[in-house]
1. Within region 58-94, track down each residue that is outside any helix (DSSP H, G or I) and under 22 Å from the mean Cα position of the chain (by Cα).
2. When region 22-50 is examined, which residues are found to be more than 22 Å from V273 (Cβ to Cβ) and in contact with a Ser or Thr (Cβ under 8 Å, 6 or more places away or on another chain)?
3. Quick check on my filter: what residues within region 196-239 are assigned to a strand (DSSP E or B) and either modelled with pLDDT under 85 or out of contact with any helix residue (DSSP H, G or I) (no Cβ under 6 Å at 6 or more places or on another chain) (or both)?
4. Of the conditions (1) among the hydrophobic types (A, V, I, L, M, F, W, C); (2) in contact with a helix residue (DSSP H, G or I) (Cβ under 8 Å, 6 or more places away or on another chain); (3) without any contact (Cβ under 8 Å) to a residue 60 or more places away in the chain, L35 fails just one. Which one is it?
5. Say we look at region 1-53 and pick out the residues that are touching a Cys at 6+ places or on another chain (Cβ under 8 Å) and in a loop (DSSP other than H, G, I, E, B); which of these is farthest from S170 (Cα to Cα)?
6. Restricting to region 77-135, name every residue that is of a type in the set (S, T, N, Q) and touching an Asp or Glu at 6+ places or on another chain (Cβ under 6 Å).
7. State the number of residues belonging to region 126-158 that are buried (at least 21 other Cβ atoms within 10 Å of the Cβ) and either of a type in the set (D, E, K, R) or outside any loop (DSSP other than H, G, I, E, B) (or both).
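The values are calculated or read from the model by the stated rules, or taken from the named source; none is laboratory data. Keep in mind the model is a prediction, meaning the values are calculated, not measured. All Cβ positions, glycine included, derive from the backbone under ideal geometry; neighbour counts span all protein chains shown.
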Amino acid sequence: MKISKIPGLGRFGVFIDDVNLTTIGDEEWMEIGRLHMENLVTIIRDAKCTKERFPELVSKFGDARPNTYTARKYRKKYHKDWNWVIDQTRQNSNLIDDDDKWRINVAESVTERTANGYALGKIAGGYDEQGNPKGFFADGELLWHSNESGTLTNCPGVALMGWENMIGSSTGFITTADYYESVSESFRSELNDMIILHRYTPNKINPGNRKDQDRLLSANMCPLDDSEIPLVMRSPGGIMGLHYSINTVHSVKGATLKESQKIFETINQDLFVEKYIYDHWYQTNNDLCLFDNSITLHRRLGYIEGRLAYRLPYDYTHLQDGAWIPYTQPLYQRRYAREIRDVILAAGVDFKLPPYSIIDRVRNLWTG
């Protein structure tokens, strides 16, 4: 296994070469996971990985995560977990509202089940002969974003495995930790206190996106206008940076829109610079990109017709020493602890986030 530095991304980001993911052992794979948590972005070039092996490996880091807002919404609405809602939708049950059926059916149509039972999201360009999208993000370029950017319990990690016609396209990354550490102490203190209100604007993340696809994207990225997310976040690896999905940030809580735009412009001019950015232009079809989704943004450039990659959002549970609480403000720690408990119940997964003990631990922080 050969490890080298990715150009750009500040002090973060590594390439891994000369590794075969079909035959890799658990010890070496978990070593890669720990290295990845320290580096935010890890690109395994020519990974030699099968569709079946890909989700098996990622699940060793932690469980795959469905959209956390939607999972909580369905649990509150139907008093059942995610799998029950999916099963009822497949049966066209009258127990599920038509709008929910539409969203689930569209998501299912761009999901592929592997022979060993895992569900992989297809990231693919173009539409089939019936006008159905071949995958998520079927139209054109994707601008800077983080997944579930307007959701407090956003997923911390994403794995993207190239599969077909990847050459001629890129997946780009920008890390925010070096920028956060570079600002003055007084401005960093201001950033620490900022709460960002997120809004979804049609076609801002995916210009040219078809209306029905934009509707699905809004539900995944930012389902509620003015959702409150602290600007500063701690990654699962303990790295402090900005949760700054530029194409859904709308304003700073307590500031006017004009004041907010001035703050965003101040951040943008020093953050979106070459030393923090790397666009990975694929040279093979089977590169595996592992990237942080908490304080790292990503984008897609280049030709996408016929391009196919598989995506898995995941948790870092099995790599963490303890529970991950991303926020520093007690109020949002409490909200996160409560909402992530709902996610555990709704999604039927096993994160290292025991709901009651986390709430008790946060409560102890408030009381000293």
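1. G62, D63, A64, R65, P66, N67, D81 - these are the residues of region 58-94 that are outside any helix (DSSP H, G or I) and under 22 Å from the mean Cα position of the chain (by Cα).
2. T22, I32, L35, H36, M37, R45, D46, K48, C49, T50
3. Of everything in region 196-239, those that are assigned to a strand (DSSP E or B) and either modelled with pLDDT under 85 or out of contact with any helix residue (DSSP H, G or I) (no Cβ under 6 Å at 6 or more places or on another chain) (or both) turn out to be I196, L197, H198, S227, E228, I229, M233, R234.
4. (2)
5. T22
6. Hits for region 77-135 are T114, N116.
7. 7
Every residue, every condition in (1) over 20 Å from I295 (Cβ atoms); (2) of a type in the set (F, W, Y); (3) surrounded by fewer than 19 Cβ atoms within 10 Å (Cβ to Cβ); (4) in contact with a His (Cβ under 7 Å, 6 or more places away or on another chain), yes or no:
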residue	(1), (2), (3), (4)
I229	no, no, no, yes
G237	no, no, no, no
T248	no, no, no, yes
G254	yes, no, yes, no
D270	no, no, yes, no
